[in-house]
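For reference, the structure is listed below as structure tokens.
Where a number appears in this text, it was derived from the coordinates with a stated rule and is not lab data. Given the structure is predicted, the values throughout are model-derived calculations rather than measurements. All Cβ positions, even for glycine, are placed from backbone atoms using ideal geometry, and neighbour counts span all protein chains on display.
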């Protein structure tokens, strides 16, 4: 079933049954609030890893009864990451969630060879955004992980995202390679990348997505804007996935949903054997809950 | 008088009296419609340069009476650009507007040494955006001209924008250097640039703006988001100008105003002796009219 609205993520997750979420360095109020919400919505069973004294005191403060919840005491953030990665390695959890620790520390543990958690070629950030101005959900990548991906890395980022979308019920998502202009310009590297990526997809006869680019943001989102520029493309004005040219652009694209367009987002890191939920402290409660629900829905 | 809303640009422009706008390659329906609107709003006196037969026939079609308007016939886009640049060189017009020709052709004529039209160190794109979600107008640079500016070029882009904002009535605009994260990260070049730019501004004791960065888009636009990240900055949550790290990011930032946030924009190219209006065919009529009004207001 294709997810049409972020609210449906939650509904879908409920239908799928509770998934096990291991939370690394769970001693973080905003993360525990989100976990509490997800438990109340009956979509997850958490395993809390971290400073147990702090976790207990935060849970008391936010009225979260964790008597029946597994709690593993660790003394450093490195230990929390290691223990969490071990749990995933032993297939005792379905989802990883970041708590009170730097993303880099957690990712380092995930990428350690012996844990064998990297399923695809790389990890990438995948977001679903709901904006009042667009007719459907729009996926965005990569807003948080890959800084300046080359063409080969962009292909892997697209692969990660399309794989995620197929799990969410999309059949042939329309992928727009976003650039500042809609024509190849030898001075603008992102347009050269877009041309190379499109060519690769056409040549490889991959049939599970429709890819086009370079497209500027207006052409990707508005049929009218695309028509004004005489762009004839199945993707133009109807994109399902926006692929940003680099992190500078992807982060702005993702954050503009919330801070300029008054929209909502859900996001996970994909490419590992399990989805990784990396919410930011400034994310809304709904964003955090939707992100956990998105991770649950990707377990299908 | 500080411009608080884009509508006020038009009102302000009316109070300033008509400015002369030379239109290079004016044989373009969407440009002539915008010129017609601006004439009806009594903010400009146009000089139309281009294929006079085409111009006449378009004007007839859109009911634009140009009997009392200067019309200079040219046969190529290069000639249109040259003639327009000459008119500006001879100080016979206050504003340049792009018609039916590539931006590069027009810019080439503007930058020709003998026309002596470049006032500052470089040309840059300057936009004013109005979005429902933000408490005031927000300026954005650079969405269209400089592809991958280095630190020295970014300083010039900021100089161009701040100078423009002072003309618009700002006294000490708050400038946010947008990056994907709010801390220096040696792997993310935009954060290194932001640190260098901020240091330069502090050391040069420039008092006509308040600059801060690296700031992520959420921190720049939302006090709440900044507080969550413990960011203590006069600019955070109250930015007047967003400086994008590069064209890939700037173009997305600018276009997200219209195509994601349901907002309106006005934009001009600054740094030359006169503002240059470069609207795109897909821009709304209001955007084009506001852009002409913005150029008029910058003539103060």
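Annotation for residue B:86, label-to-label distances across the other copies: 8.2 nm (shortest first, one decimal, point 7 Å from Cα along Cα→Cβ). Note on A:81, A:57: ascending count of other Cβ atoms within 10 Å places them as A:57, A:81, the fewest first. Running a GNM on chain A with Cα contacts under 10 Å, which residue among A:130, A:207, A:100 ends up with the highest mean-square fluctuation? Residue with maximal mean-square fluctuation among A:130, A:207, A:100: A:207.
Inter-chain Cβ neighbour count for B:241-251, averaged per residue, equals 6 (cutoff 10 Å, partner chain atoms only). Across the protein assembly as shown, Cα-Cα pairs farther apart than 39 Å form 33% of the total.
Counting neighbouring Cβ atoms within 10 Å and putting the fewest first, the residues A:170, A:259 line up as A:170, A:259.
Normalised Debye scattering of chain B at q = 0.07, 0.08, 0.10, 0.17 Å⁻¹ gives log10 I(q)/I(0) of -0.27, -0.35, -0.53, -1.36, counting only Cα atoms as equal scatterers and leaving out solvent.
Calculated mean residue ellipticity at 222 nm for chain B: -12500 deg cm²/dmol, from DSSP H runs with n ≥ 4 weighted as -39500 (n - 2.57), summed, divided by the residue count and rounded to 500. As a rough guide to protection, the peptides A:245-258, B:16-29, A:30-43 ranked by mean Cβ packing within 10 Å, highest first, stand as A:245-258, B:16-29, A:30-43. Region A:3-37 and region A:171-189 have Cα centres spaced 34 Å apart. Here the scattering of region B:39-92 is modelled by Debye summation over its C-alpha atoms, one equal scatterer each and no solvent; at q = 0.19, 0.28 Å⁻¹ the log10 of I(q)/I(0) is -0.72, -1.15.
Shown for residue B:113: label points 7 Å from Cα along the beta-carbon vector, and their distances to the equivalent points in the other copies, 6.0 nm in ascending order. Sorted fewest first by neighbouring Cβ atoms within 10 angstrom, A:286, B:97, B:298, B:260 come out as A:286, B:298, B:260, B:97.
With the contact rule set at Cα under 8 Å and sequence spacing of 6 or more, what percent relative contact order holds for region B:209-300?
17 percent
Per residue, the convex hull spanned by the Cα atoms of region B:120-184 measures out at 120 cubic angstrom.
Peptide A:179-190 has a mean shielding of 3, counted as Cβ atoms of other protein chains within 10 Å of each residue's Cβ. Computed over chain A with a Gaussian network model linking Cα atoms closer than 10 Å, the most mobile of A:228, A:193, A:115 is A:228.
Here the Kirkwood formula puts the hydrodynamic radius of region B:26-175 at 17.4 Å, using every distinct Cα pair.
With its label point put 7 Å out from Cα toward Cβ, residue B:223 sits 4.3 nm from the same residue's point in the other copies, in order from shortest.
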